[in-house]
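Only one structure is covered here, and it is reproduced in the block below.
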Amino acid sequence: MRVRSIAAFALVLAACGSGAGPAADTATAAKTGSEPSARRVCDLLDPAEVRAVYSGGEVRLSDYAGPVGDPSFESCYVTIDYGTTTRPPKPFPLMVSMDPVSAEEHLAMLEEDAEEGIGPRTVVPGLGDVAYIAPGLLHVYAGDRVVRIHGGGDDNAVDLAALVVPRLAELAPSPDPGSTQPACDAVTPEAEAVLGEPATGRRDRRTQDELRCEWTAGETVLTATLRGRGDEVGRVWAMDRPGAEVVHVGGLHDNGVYVPSGRVYFWMGHQQVGMLLRQRPHDPGRDRDHLVALADAFAPSLLDVAPRVGPAPTR
């Protein structure tokens, strides 16, 4: 079974809180040159160019290491803030596939999209090898990368993609499968208890904004995403899910939420450093206690390994 990247994205966006989004960060302008010069998807965007696309307003760019799927993506959340209550800021993600996607893999991706009712409504000529607009989605296949923009307005999304596609060669390669981070390695025994068997695949990712750990075994994917600040909207969203329950993590009281779809969101410290655990597929009766135990194993080190704690830098 292929892990559905679109479904994964929907869960991530909901967990971040619709309309709230992750913490803001101003990216530097993308550089040109033969060697990869962009470490993050956000580095492919110049805030001044994005501001021109959206006719002014403050531009905030924030890195997100995901969603994980087939293929997996790295993302830049774009927030446009016009400073008015009539047009509240609403972030949307620009996603770039982490690994090369062959023509055959891309065709299989489109076939699965068609099965889900996702397909082209408007073909966009002159943008990569394949480009189309579906409801709320711009999809581009350029060379061996897939670029997807969820939201942001169809015409504006085309303009953003036109900025990014020529710069894809500047994006540094993603971590090789098997690459790990010490903070993730430290809790691998608890992660494997969730999986029910030793992990057969590992890939971790650390940026200035996030730490993501990934364990896989067979068709099961388990991820942990740590951000330097908690997400109050995401927390409220989680509590509204069917069957959600408050859990106690790391010796604290009522600082976590378990959702039977296979998620635990919890936070530590006055900075509200937050982590989201997700397991797909998830059997609540079998996996719930192990998933909460993984949260407990992470909790003592959360404040030490947070990518960034405190207000986002501004300039």
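Here are a few things to note about the model shown:
- Residues that are at pLDDT 90 or above and in a loop (DSSP other than H, G, I, E, B) within the range 252-273 comprise P260, G262, listed in sequence order.
- Checking each residue in the range 176-191 for being in contact with a strand residue (DSSP E or B) (Cβ under 9 Å, 6 or more places away or on another chain) and either among the aliphatic types (A, V, I, L, M) or closer than 13 Å to A295 by Cα (or both) picks out A183, C184, V187, T188, A191.
- Looking across the range 241-270, just one residue is of a type in the set (S, T, N, Q) and either open to solvent by 60 Å² or more (accessible area, probe 1.4 Å) or over 26 Å from R308 (Cα atoms) (or both), and that is S261.
- When E58, E49 are checked against the criterion of being open to solvent by 50 Å² or more (accessible area, probe 1.4 Å), modelled with pLDDT of 85 or more and under 22 Å from R229 (Cα atoms), E58 stands alone in meeting it.
- Residues in the range 85-131 that are closer than 18 Å to L168 by Cα and either in a loop (DSSP other than H, G, I, E, B) or hydroxyl-bearing (S, T, Y) (or both): S97, M98, D99, P100, V101, S102, G126, L127, G128, D129.
- Conditions (1) touching a Leu at 6+ places or on another chain (Cβ under 8 Å); (2) in a helix (DSSP H, G or I): number failed by D155: (1)
- One residue from D185, D209, D129 being under 19 Å from R39 (Cα atoms) and either charged (D, E, K, R) or out of contact with any helix residue (DSSP H, G or I) (no Cβ under 7 Å at 6 or more places or on another chain) (or both): D209
- Only one of the listed residues (P198, P284) is over 30 Å from D176 (Cα atoms) and either open to solvent by 20 Å² or more (accessible area, probe 1.4 Å) or modelled with pLDDT under 85 (or both). That residue is P284.
- Boolean, V221 is in the same structural domain as L291 (by the TED database), surrounded by 18 or more Cβ atoms within 10 Å (Cβ to Cβ) and more than 18 Å from the chain's Cα centre (by Cα): no
- Evaluation of T84 against (1) open to solvent by 50 Å² or more (accessible area, probe 1.4 Å); (2) at pLDDT below 90; (3) under 21 Å from L160 (Cα atoms) (one fails), failing number: (3)
- Test: S75 is in contact (Cβ under 8 Å) with a residue 40 or more places away in the chain, of a type in the set (G, A, S), surrounded by 14 or more Cβ atoms within 10 Å (Cβ to Cβ) and not in a loop (DSSP other than H, G, I, E, B): no
- Single residue of V249, V164 found to be outside any strand (DSSP E or B) and touching a Phe, Trp or Tyr at 6+ places or on another chain (Cβ under 6 Å): V249
The values are calculated or read from the model by the stated rules, or taken from the named source; none is laboratory data. Note that this is a predicted model, so its numbers are computed, not measured. Note that we place each Cβ from the backbone using ideal geometry, even for glycine, and neighbour counts take in every protein chain shown. Accessible surface is based on the protein model in full, side chains and every heavy atom, while ligands, DNA and RNA are left aside. Shrake-Rupley method; radii C 1.70, N 1.55, O 1.52, S 1.80 Å.
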